[in-house]
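Read-outs: derived from the displayed coordinates by stated rules, not from any lab. In this text, all values refer to a predicted model and were calculated from it rather than measured experimentally. Backbone-built Cβ (ideal geometry, glycine too); neighbour counts: all protein chains shown.
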Amino acid sequence: MARRKRTAAESRQVERARKKFEAWRRSRSRISPIPDELWESAVVAAKEVGINRTSRALGLEYYALKKRVMASPGRPPMEASRFIEFESSAPPFFTEWAVEMDNGRGGCLRVAVRSPSGPDVVALSRTFWGKES
């Protein structure tokens, strides 16, 4: 599967955040939470290139970053999902059929049908050849 090339802006945002995180990781004490300033740079990068790409590049847990992106200012709140029903009298799909018959005496019948089910070919052929049953 081919990967999409990053744009220059995407590379810059992620690279800035990556450098900040690397510097922090080198200088931090063993157990310390990620500072808000670093989270903010990660959120900015995630808004530009996506949460998955940013979390992988910065070594962050996906859902922790997603939670911060969703809560960040400047992002419109998500609307509640709504169910929308589309009423239609037509079936959901149609099949196109074409039947051609030649009786050998110059009689020709061509029927083109677009319907959810095919034509009754047996009944058509009996009627065309005059063999009612």
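With K and R counted +1 and D and E -1, the other residues having a Cβ less than 15 Å from that of residue 98 yield a net charge of -2. Taking 7 Å steps out from each Cα toward its Cβ at residue 109 and residue 66 produces label points 6.0 nm apart.
Do any GluC sites (Glu not before Pro) in segment 17-56 lie in a loop, going by DSSP, with at most 10 other beta-carbon atoms within 10 Å of their beta carbon, and if so which? Kindly include the intermediate steps, with their values, before the conclusion.
Details: sites: 22, 37, 40, 48; in loops: none.
For GluC sites (Glu not before Pro) across segment 17-56 that sit outside H, G, I, E and B with at most 10 neighbouring Cβ atoms in 10 Å, the list is empty.
Does segment 8-71 classify as rounded, prolate or oblate by the C-alpha gyration tensor (a ≥ b ≥ c root eigenvalues; a/c under 1.5 gives rounded; else a/b over b/c gives prolate, otherwise oblate)? Oblate shape, in that a/c is at least 1.5 and b/c is the bigger or equal ratio.
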